[in-house]
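**Q** I'd like to ask some things about the structure below.
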Amino acid sequence: MFTIGHTISLLLASYNVVSVSSKVIEFLIPVTILVAALFNLFTAGKEKKVEKMGIFYIVTIFFGLIHGLGFASFYKALDRSGEILPLLEFALGIEAAQIIVVIIILIIAFIFQTIFRFNKRDWVLVVSSLVIGMIIPMLIDNWIF
């Protein structure tokens, strides 16, 4: 869902169908990360309710849209040709990089949960807390209000 939102907004912004201030996007990106980390913090170890998955998917697409707008401004600075192939290559590169990061984090999580005997709930709490600690300075630096 994140990738779908991400790609849609990247395409729309690259072809000037949608335009959002880069200052707003630079503020909203850490907000989305903070919301996700707080969600993990408050729901770690709790059973996920199936009936609430729809809202989860909608929020995930929305977060992907915001992040895609951030990459669109970066892409526009790199390429002004307006061709679709370089844009798709850029989008695929971003998605590949995200997959690599996720795989690395999953490997680290596996190591901590098996070798160091962290349970999944504790791992989620520690990582989410670290993310919150790293995001707060970004929010302060990009504050728009």
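Rule-based calculations on the coordinates, nothing more; no lab input. Quantities reported herein were computed from a predicted structural model and do not represent experimental measurements. Cβ atoms come from the backbone with ideal geometry, glycine included; neighbour counts cover every protein chain shown.
**Q** How about the range 89-126: which trypsin sites (Lys or Arg not before Pro) there lie in a loop by DSSP and see at most 11 other Cβ atoms within 10 Å?
**A** Sparse-neighbourhood loop trypsin sites (Lys or Arg not before Pro): R117.
**Q** Using only Cα atoms, what is the ratio of the radius of gyration of the chain to 2.2 N^0.38 Å?
**A** Cα-based Rg divided by the globular estimate yields 1.17.
**Q** Under 21 Å Cα-Cα from K48, which lysines qualify once same-chain neighbours fewer than 8 residues away are excluded?
**A** K120
**Q** Please identify the trypsin sites (Lys or Arg not before Pro) of the range 37-107 that satisfy two criteria: DSSP loop assignment and at most 10 other Cβ atoms within 10 Å. Which are they?
**A** Filter output for the range 37-107: K46, K48, K49, R80.
**Q** If you filter the range 62-145 for GluC sites (Glu not before Pro), then keep DSSP loop positions with at most 14 other Cβ within 10 Å, what is left?
**A** Answer by residue number: E83.
**Q** Mind checking the dipole of the range 34-132: about its Cα centre, +1 per Lys or Arg Cβ, -1 per Asp or Glu Cβ, Debye to the nearest 20?
**A** Charge dipole of the range 34-132: 480 debye, to the nearest 20.
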